[in-house]
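The values are calculated or read from the model by the stated rules, or taken from the named source; none is laboratory data. These figures come from a predicted structure and were not determined experimentally. Note that we place each Cβ from the backbone using ideal geometry, even for glycine, and neighbour counts take in every protein chain shown.
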Amino acid sequence: MPDPVIILVRPQLSENIGTTARAMLNCGLTDLRLVAPREDWLGSRAFAAASGADRVLLGATVFESTADAVGDLQRVWATTARSRFMTKPMDTPKSAAAAMRAIAAEQSMGVLFGPERTGLENDDLVLADTVLTVPVNPDYASLNLAQCVLLVAYEWFQAGLDATPPAKMTRGAEAPASKDKLIGFFDHLERELDECGFLRVAEKRPTMVRNIRNMFQRSGLTGQEIQTLHGIVHELVTYRHKKAERQ
């Protein structure tokens, strides 16, 4: 059964990457992805903090953007401790682990963790299907990066101890599309919305784009459905151009 990918977005300290690798290997996870790390993740401080989890650090892959890091995944959770005024399903580490185990045989998946000081930005969060929040003391909800990774990884590991293999998908059913296909559709749609003037108010554009992306994220679109949406946008644009020519 494929394990979830752990994705650190713009991590600031190499020691925190090292302790994350240690937390991952404690729970059997080895696939680490880094988005624009600030410090060398293969430096001596990272290896010292990893305390023997060297193969996780050595196997880590680095990406320039969050979109690139999640491009091949079909289901993504994003950790955040703050309300972002987005409508998304919400999980705890335990419920997220159960959901991951239920789909692991059929879908690729990952968990996003934000920078130590600020957490994930809204443009990162919008790429996720589900928000993951750790329920801790509301009067002191301060977790470091490795602690947060460990809580999620531990629940994943525990959920597998007594888990039975999930049922196969029904014949003919199609799994959700990978994120790169979804992002490709977003780029297509937003380009045409800019062209027709729908996103003309500059100060409102970022919020409008995130809201549109969130609507489609919640739908669990398949690859075929995304192709259909591409076709719909193309036909609408073609009709608009033909109508303009007739006038």
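Below is a table of values for the structure above.
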quantity	calculated
Leading residue by the ranking (farthest from R213 (Cα to Cα)) among those in the range 173-202 that are in a loop (DSSP other than H, G, I, E, B) and small (G, A, S)	A173
Candidate set: the range 59-85, residues that are surrounded by fewer than 18 Cβ atoms within 10 Å (Cβ to Cβ) and among the hydrophobic types (A, V, I, L, M, F, W, C); chosen: the one farthest from S219 (Cα to Cα)	V62
Flag for V76 being closer than 17 Å to D31 by Cβ, at pLDDT 95 or above and out of contact with any Asp or Glu (no Cβ under 9 Å at 6 or more places or on another chain)	no
Residue selected from the range 125-176 under the condition closer than 30 Å to A49 by Cβ, hydroxyl-bearing (S, T, Y) and surrounded by fewer than 14 Cβ atoms within 10 Å (Cβ to Cβ), by the criterion modelled with the highest pLDDT	Y140
All positions within the range 86-106 that are closer than 21 Å to N144 by Cβ and either surrounded by fewer than 16 Cβ atoms within 10 Å (Cβ to Cβ) or over 17 Å from the mean Cα position of the chain (by Cα) (or both)	T92, K94
Residue ID - surrounded by the fewest Cβ atoms within 10 Å (Cβ to Cβ), chosen from residues in the range 9-55 that are farther than 21 Å from E121 by Cα and among the basic types (K, R)	R55
Subset of the range 101-152 that is touching a helix residue (DSSP H, G or I) at 6+ places or on another chain (Cβ under 6 Å) and in a loop (DSSP other than H, G, I, E, B) - its residue that is farthest from A23 (Cα to Cα)	V126
Odd one out for S219, checked against (1) modelled with pLDDT of 90 or more; (2) within 15 Å of V126 (Cβ to Cβ); (3) part of a loop (DSSP other than H, G, I, E, B)	(1)
Residue ranges of helices (runs of 4 or more DSSP H) in the range 13-79 with at least 2 members over 21 Å from the mean Cα position of the chain (by Cα) and on the phi < 0 side of the Ramachandran plot	14-26, 44-50, 54-58
